[in-house]
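Peer 1: Below: one structure in C-alpha cells.
The values are calculated or read from the model by the stated rules, or taken from the named source; none is laboratory data. Values in this document were obtained by computation on a predicted structure and should not be read as measured data. Note that we place each Cβ from the backbone using ideal geometry, even for glycine, and neighbour counts take in every protein chain shown.
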Amino acid sequence: MAVDGPVEYVDLVDADDNVVGRVTRGEMRAGVLRHRAVFVAVTSTDGKLLIHRRSDTKDLWPGWWDIAVGGVVAAGETYGNAVRRELAEEVGIDNGDPVFLGSGAYDDADVSLIGHCYHLVHSGPIEARDGEVAEFLWVDLSELRLRLGRDRFLPDSISLLLPDLFARLS
C-alpha cells in the first residue's frame, strides 16, 4: 500500500506524446492512463549494472526489482528534468550527463506510458534518499541473466531498456 503524501499531478499523453490532459497520480494509476516516464540504466566504469529492489510502499509493483532508475514525469516537467530529479531522489546521483538512448511506448494491464530511456556511467557513491529503493546491487551480465530468470523485474523497464543493455554489457 502506498504511503499518503502530497498530491502529485501527471500529464496524460496520446500515442504521439502530445499532452491531452492532467490528472492526479492516483487517477492515472486507477485508470491505467498513458503518461510520461523516464528510465536510466546506471553502469559502473567496470561495466556493471546498478539494479535495485523497490520499496514495499510503491504504488505499482512493490518489492520488485528494476534495471533502471526512474519513474513518472510530473505534470509540466521535461523528460530531462525528470531524469535528473529521479537520479538524485532514488540513488543520490547529482552529477553526470545521462545519454539519451531512445523512446518507446509500453502498455499492459497495469501501466500505459511513453518512456524516454537514458544511460549514465557513474563511479561515485550511491544512496537511497527518498525511501523508494529498498536495496541496491551492482551486477555483471551473467548475474543479470540469472536474476532475470529468478526474480520479478519491472516489465516496462525490461521491454524498453533491456535490449540496449544487453548490447552495452556484452
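Peer 1: Just give me the residues in the stretch 94-113 being surrounded by 14 or more Cβ atoms within 10 Å (Cβ to Cβ) and of a type in the set (S, T, N, Q), in sequence order.
Peer 2: Of everything in the stretch 94-113, those that are surrounded by 14 or more Cβ atoms within 10 Å (Cβ to Cβ) and of a type in the set (S, T, N, Q) turn out to be Ser103, Ser112.
Peer 1: I would also like to ask the following. Within the stretch 117-144, can you find the residues that are under 30 Å from Arg34 (Cα atoms) and crowded, with 17+ Cβ neighbours inside 10 Å?
Peer 2: Answer for the stretch 117-144, where residues must be under 30 Å from Arg34 (Cα atoms) and crowded, with 17+ Cβ neighbours inside 10 Å: Cys117, Tyr118, His119, Leu120, Glu132, Val133, Leu144.
Peer 1: If you check every pair at least six apart or on different chains, which have Cβ atoms under 9 Å apart with a residue in the stretch 140-155 that is within 20 Å of Tyr106 (Cβ to Cβ) and touching a residue at least 24 places away in the same chain (Cβ under 8 Å) first and a residue that is of a type in the set (Gly, Ala, Ser) and surrounded by 12 or more Cβ atoms within 10 Å (Cβ to Cβ) second?
Peer 2: Pairs that qualify, where the first residue is within 20 Å of Tyr106 (Cβ to Cβ) and touching a residue at least 24 places away in the same chain (Cβ under 8 Å) and the partner is of a type in the set (Gly, Ala, Ser) and surrounded by 12 or more Cβ atoms within 10 Å (Cβ to Cβ), are Arg152/Gly63; Leu154/Ala68.
Peer 1: Identify, from the list Phe136, Phe100, Phe166, the residue that is under 26 Å from Asp17 (Cα atoms), of a type in the set (Phe, Trp, Tyr) and out of contact with any Cys (no Cβ under 6 Å at 6 or more places or on another chain).
Peer 2: Values: Phe136 fails: under 26 Å from Asp17 (Cα atoms); Phe166 fails: under 26 Å from Asp17 (Cα atoms).
Exactly one of Phe136, Phe100, Phe166 is under 26 Å from Asp17 (Cα atoms), of a type in the set (Phe, Trp, Tyr) and out of contact with any Cys (no Cβ under 6 Å at 6 or more places or on another chain), namely Phe100.
Peer 1: Let me ask you something else. Residues of the stretch 72-81 being within 22 Å of Pro155 (Cα to Cα) and in contact (Cβ under 8 Å) with a residue 60 or more places away in the chain, which ones? Steps first, answer last, please.
Peer 2: Of the stretch 72-81, the ones within 22 Å of Pro155 (Cα to Cα) are 72-74, 79.
Residues satisfying the conditions are Val72, Val73, Ala74.
Peer 1: Would you confirm whether any residue within the stretch 83-93 is more than 18 Å from Glu127 (Cβ to Cβ) and either surrounded by fewer than 20 Cβ atoms within 10 Å (Cβ to Cβ) or acidic (Asp, Glu) (or both)?
Peer 2: no
Peer 1: Tell me which residues, restricted to the stretch 145-170, are acidic (Asp, Glu), assigned to a helix (DSSP H, G or I) and either loosely packed, with under 13 Cβ neighbours inside 10 Å or at pLDDT below 95 (or both).
Peer 2: Here is the first cut: in the stretch 145-170, the residues acidic (Asp, Glu) are 151, 156, 164.
Restricting the remaining residues to those that are assigned to a helix (DSSP H, G or I) gives 156, 164.
Across the stretch 145-170, the qualifying residue is only Asp164.
Peer 1: Within the stretch 18-38, how many residues are among the charged types (D, E, K, R) and either surrounded by fewer than 17 Cβ atoms within 10 Å (Cβ to Cβ) or more than 13 Å from Ile114 (Cα to Cα) (or both)?
Peer 2: Initially, the stretch 18-38 is screened for residues among the charged types (D, E, K, R), giving 22, 25, 27, 29, 34, 36.
Still in the list and also either surrounded by fewer than 17 Cβ atoms within 10 Å (Cβ to Cβ) or more than 13 Å from Ile114 (Cα to Cα) (or both): 22, 25, 27, 29.
The total comes to 4.
Peer 1: Can I ask one more? Could you check the stretch 112-153 and list, in sequence order, the residues that are closer than 19 Å to Trp64 by Cα and touching an Asp or Glu at 6+ places or on another chain (Cβ under 6 Å)?
Peer 2: Of everything in the stretch 112-153, those that are closer than 19 Å to Trp64 by Cα and touching an Asp or Glu at 6+ places or on another chain (Cβ under 6 Å) turn out to be Arg129, Asp130, Glu132, Val133.
Peer 1: So how many residues does the stretch 23-57 have that are more than 16 Å from the chain's Cα centre (by Cα) and either of a type in the set (A, V, I, L, M, F, W, C) or in a helix (DSSP H, G or I) (or both)?
Peer 2: 8
Peer 1: What number goes with the only condition from (1) without any contact (Cβ under 8 Å) to a residue 24 or more places away in the chain; (2) farther than 27 Å from Leu120 by Cα; (3) not in a strand (DSSP E or B) that Val20 does not pass?
Peer 2: Result: Val20 passes all but (3).
Peer 1: May I pose another question? Is it true that some residue in the stretch 108-128 is within 15 Å of the chain's Cα centre (by Cα), of a type outside the set (A, V, I, L, M, F, W, C) and at pLDDT below 95?
Peer 2: no
Peer 1: Which residue, of Ala15, Ala82, Ala74, is among the small types (Gly, Ala, Ser) and assigned to a helix (DSSP H, G or I)?
Peer 2: Working: Ala15 fails: assigned to a helix (DSSP H, G or I); Ala74 fails: assigned to a helix (DSSP H, G or I).
The match here is Ala82.
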